[in-house]
Each structure stands twice: as C-alpha cells, then as structure tokens.
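Only the coordinates and a few stated rules stand behind these numbers; no lab work does. Everything quoted here is computed from the prediction, not taken from an experiment. Note that each Cβ is placed from the backbone with ideal geometry, even for glycine, and that neighbours are counted across all protein chains shown.
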Amino acid sequence: MWKKSLIVLLAIGFIGIFSSYEAMAVTAANIDVGVKRSMNQLQDISGANAVVKRAAGVLVFPSVFKAGFVIGGEYGEGALLIKGKTVNYYSTVAGSFGFQLGGQKKTVVIAFMDPKELEKFQRSSGWKVGADAAVTVIAIGADGSVDTAKTNKPVVAFVFDKKGLMYNLTLNGAKITKLKR
C-alpha cells in the first residue's frame, strides 16, 4: 500500500514541477544564446555539420533536463532554425515509468532532412516523436564520426552532452509544442 502511495506522490510532484516550469521559462534571448552554443558544440562532432547544412530545418533544444525516481520526466525549450534563422520557439516534454534514479542534462538537435516533414511539423499543434514522425537518432561510428548510413532518413537527431554524442537513447514519446515567445 505504501508503495502505491509513494508512486502517486512522486507522480503529482513531477506533474507539478513540469507544469510550473512555464512560469520559470527562459526568455527568447536566453534560448537563442543556448541554441548558438549548441550549434557550435555540434560542429565538434565529425560529419554532423554536413547533415545540418543539408537539412530543411533544425530544431535545437540546448538543455533538456531529465529526472526520475521510478517515475521520470524531462523538459526543455528550444528554437526552430530555417536557413540559420530562428522562426519559432518550442518545448519538449516526455514522461517515463520504470526503474530509474537520478537526472541528467542533454542537448537535442533534430534535423528535418525532408522539407515535407518540416512542413508537417510546423503545421502541427503538438508533434509527438514516434507517432507523428519517426526520428532516427544518429550514433557515433567506430572512427569517432557520425554514422552516415542513417543520415538519409527524413528526420534525424543528435543527442549529446558536454562529452559528445550519447549512446542508446530514444526520443520516442517526446511531445513538442510551439511556445509563445
């Protein structure tokens, strides 16, 4: 009985944290600074810059925070760039349930390689990874560069932290929504 109560309390806590985040939300200028820093970091990954240059649009979330204890959640804010210019701001939210403990901060860059997928994303009121589009997460190859075999997919993503590309990650279930900035 106490385990169910603990799970319910944790769920309420996470919902409260992530729903109140809008009040603490960063400004458009702060997001822009983070996006620029993230794009500079991405250039350090061999082959990533070529993928970004080919993309019709790039969605950048400089800081996606994830925390969990049985129930987990993540949240971040970012910007959509088309031809290097910010066109809109977005948030990403995801939840999870299962064995987990701790937290992390990561950067997520989603490249829309197919202009039709970019249009579909921009028209949506709430785009869900895995339901509205498959997003292929790009891994680092044995030689330390981007696995180019996956870069021909319609939507690809890079997930990295200060140390470089992160392994064994999925973005499925993340919901991306336009922000008013």
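Observations on the model:
- Sequence of Thr151, Thr107 once ranked by neighbouring C-beta atoms within 10 Å, starting from the fewest: Thr151, Thr107
- With both labels modelled 7 Å from their Cα along Cα-to-Cβ, the Ala29 to Gln43 distance reads 2.4 nm.
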